[in-house]
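One structure is given here, and the rest of the page talks about it.
Taken together, the values in this text are just the output of simple stated rules run on the coordinates, not laboratory data. Remember, it's a predicted structure, so these values are computed and weren't measured experimentally. Because the Cβ atoms are built from the backbone with ideal geometry, glycine has one as well, and the counts that use them run over all protein chains shown.
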Amino acid sequence: MPEVSVIVPVYNVEKYLRQCLDSIVRQSLKDIEIILIDNGAADAERKIIEDYQKNDTRIKVIRFEQNQGYGKAVNTGIKKACGKYISIVESDDFIDEDMLAVLYEKINSYKADIIKSAYIYFDEIRSAVCFNDLKIPQDRTFTLKEFPVLISSHPSIWSCLYSRNFLMENEIFFIEKAGTSWVDNPFQLESLYKAEKILYTDKAFYHYRNCRENSSSTLNKALKVPYRCVKDMQNIIEKYNITDSGILYNLALRIMSYIKITIDRAEISDIDEIQPLVNELFEQIDNTLKDNPKYKRLRRRFYKKPLKFYFAFRRLKKIFKH
């Protein structure tokens, strides 16, 4: 049985796929299996997959003729995996060669359910280490209630290792929807909430590529995606009757950021569609964030009628800029 199963959904990533796979096959931890989910990949991507499979017996391929969505792709990998631990790597990203070895040694030593690490965010302009300034101890396990700050920003579910037994016994899987649909958010919330032993390290191994051409985050305006994502997380809250104030507060901070994302991706022609969604998101977190100064400013700026003035002002700025 391999120590770690690495699950890689593949779709529309020909430009970056070799870099991703090279970083996995060159891991210093050799006792791994690599599960490539051909999620309706193009011919050129399939050729790359076949080339790597021929040269590395650790690679297994699961093929879907048509894209089944990110959630189903990863769920299929988790269910087919033989490893003690699960790693998820997105096929336009890459990882340092010692990532799996370091995380495996820690999670196995502490018998933890999840280990979470910092990551490196990069695009064509800049690079930054994210999530490494959290005041979380790195020499003991903890629960989400102790350090709910873990859910305050980007879920970054791929900078982790998960105990496969933990996921299977608690039936923790991704929601299966078309496309990506931000299904990493409810998965992160549910897995961290159910985990009795979480580990954290501020060392960054995972290189997260943002704003790549043709990615779901750049092609999809996602007017309704953040809204539906919040609904999915609300379902998790209701499922487990989560009432902890720290968890709810940090989750509300993330929802606040999604309100801004929704507005920033919209056009003035979308006001009629976006306004009810924005209003409802504000109303969901009003009580939780009523004393947060950043939230107060955001609410004053975007709630109800002021949203129209924001779009008009943004349009004027573009005109004068040119």
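Stick to the Cα atoms of the chain, pair each with every other, and give me the Kirkwood hydrodynamic radius in Å at one decimal.
20.8 Å
Return the percentage of antiparallel bridges among DSSP beta bridges fully within the chain, rounded to the nearest 5 %.
On the way: 12 of 38 bridges.
Around 30 percent antiparallel, to the nearest 5.
Work out, step by step, the length gained on full extension between S109 and N165: first 0.36 nm times the residue separation, then minus their alpha carbon distance; give nm to one decimal.
In short, 18.6 nm is gained.
How much net charge surrounds K80 when only other residues with a Cβ under 10 Å from its Cβ are counted (Lys, Arg +1; Asp, Glu -1)?
So the surrounding residues net to +1.
Suppose R0 equals 25 Å; then what is the FRET efficiency for K145 and S28 from their Cβ-Cβ distance, rounded to the nearest 0.05? Don't jump to the answer; show the numbers that get you there.
Working: r = 34 Å, r/R0 = 1.38.
My answer for the efficiency is 0.15.
Relative contact order (percent) for the chain, with alpha-carbon contacts under 8 angstrom and 6 or more residues of separation?
Rounded, it is 17 percent for the chain.
Which of the pairs K145/K197; K106/K239; K194/K239; K116/K194; K84/K177 have their Cα atoms more than 20 Å apart in this structure?
As for pairs spanning more than 20 Å Cα to Cα, those are K106/K239; K84/K177.
Only Cα pairs under 8 Å and at least 6 apart count here; give the relative contact order of segment 225-321 as a rounded whole percent.
27 percent
For the chain, what is the charge dipole size about the Cα centre, in debye to the nearest 20, if Lys and Arg each add +1 at the Cβ and Asp and Glu each add -1 at the Cβ?
Numbers: 51 positive and 45 negative charges, 296 e Å.
My answer is approximately 1420 debye.
Calculate how steeply helix 43-55 sits against the longest principal axis of the alpha-carbon atoms of the chain, using the helix alpha-carbon long axis, and give the answer as 0 to 90 degrees to the nearest 10.
40 degrees
Determine the calculated [θ] at 222 nm for the chain from helices alone, applying -39500 (n - 2.57) to every DSSP H run no shorter than 4 residues and normalising by the residue count; nearest 500 deg cm²/dmol.
-14500 deg cm²/dmol
With the cut-off at 24 Å, report for segment 225-321 the share of all Cα pairs above it, as a whole percent.
Taking all Cα-Cα pairs of segment 225-321, the fraction more than 24 Å apart is 26 percent.
Would you kindly derive the ³J(HN,Hα) couplings of segment 36-41 from the backbone phi angles with the Karplus curve 6.51 cos²θ - 1.76 cosθ + 1.60 (θ = phi - 60°), listing them in order in whole Hz, with x for Gly and Pro?
8, 9, 6, 9, x, 5
Taking loop as defined by DSSP and a crowding limit of 15 other beta carbons within 10 Å, which trypsin sites (Lys or Arg not before Pro) in segment 18-99 fit? Before the final figure, lay out each step's value.
Details: sites: R18, R26, K30, R46, K47, K54, R58, K60, R63, K72, K79, K80, K84; in loops: R26, K30, R58, K84.
Answer in residue order: R26, K30.
According to a simple spin-label model (label point 7 Å from Cα along Cα-to-Cβ), what is the distance in nm between K177 and D51?
3.5 nm
Do the alpha carbons of any pairs in K47/K231; K30/K79; K15/K72; K15/K111 sit beyond 30 Å of each other, and which pairs?
K47/K231; K15/K111
From the backbone phi of segment 237-252, what are the Karplus-calculated ³J(HN,Hα) couplings (6.51 cos²θ - 1.76 cosθ + 1.60, θ = phi - 60°) in whole Hz, Gly and Pro given as x?
4, 6, 4, 9, 6, 6, 10, 4, 5, x, 5, 5, 5, 5, 5, 5
Put a dot 7 Å past each Cα toward the Cβ at C82 and V129; how far apart are the dots in nm?
3.7 nm
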